[in-house]
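Chemist: Below are the structure tokens for one structure; questions will follow.
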């Protein structure tokens, strides 16, 4: 199978919650890019389903994103492609990815309440 991702993926271990057709679930994000993520979860989702994701960042902030289930590997989890992200969410995601590149050089953006 060929690699279809255009962005570099970063290995992470982030707590997350997601909401889809089957209800609210918890997850662990195991990899992340500007284009999507992989969610380790027992929750059930269908490819093409649109989800609301809440990722807990290391500084305690939550980042809400919208994604489409790209592929599902029951009972392990599924891949999500981010869709229709407002500029503010995209900027926060990019700031977090910059932090992952070099945590000593970059300060994560604190989300405004």
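Chemist: What's the total number of residues in region 65-94 that are exposed (fewer than 15 other Cβ atoms within 10 Å of the Cβ) and assigned to a strand (DSSP E or B)?
Modeler: The total comes to 2.
Chemist: Separate question: Within region 95-102, identify whether any single residue is modelled with pLDDT of 95 or more and either over 14 Å from the mean Cα position of the chain (by Cα) or assigned to a loop (DSSP other than H, G, I, E, B) (or both), and answer yes or no.
Modeler: no
Chemist: Every residue in region 21-64 that is part of a loop (DSSP other than H, G, I, E, B), surrounded by fewer than 14 Cβ atoms within 10 Å (Cβ to Cβ) and out of contact with any strand residue (DSSP E or B) (no Cβ under 7 Å at 6 or more places or on another chain), please.
Modeler: Matches in region 21-64: 21, 22, 42, 58, 59, 60.
The values are calculated or read from the model by the stated rules, or taken from the named source; none is laboratory data. Worth saying up front: this structure is predicted, and the values here are computed from it rather than measured. Note: ideal-geometry Cβ built from the backbone for every residue, glycine included; neighbour counts use all protein chains shown.
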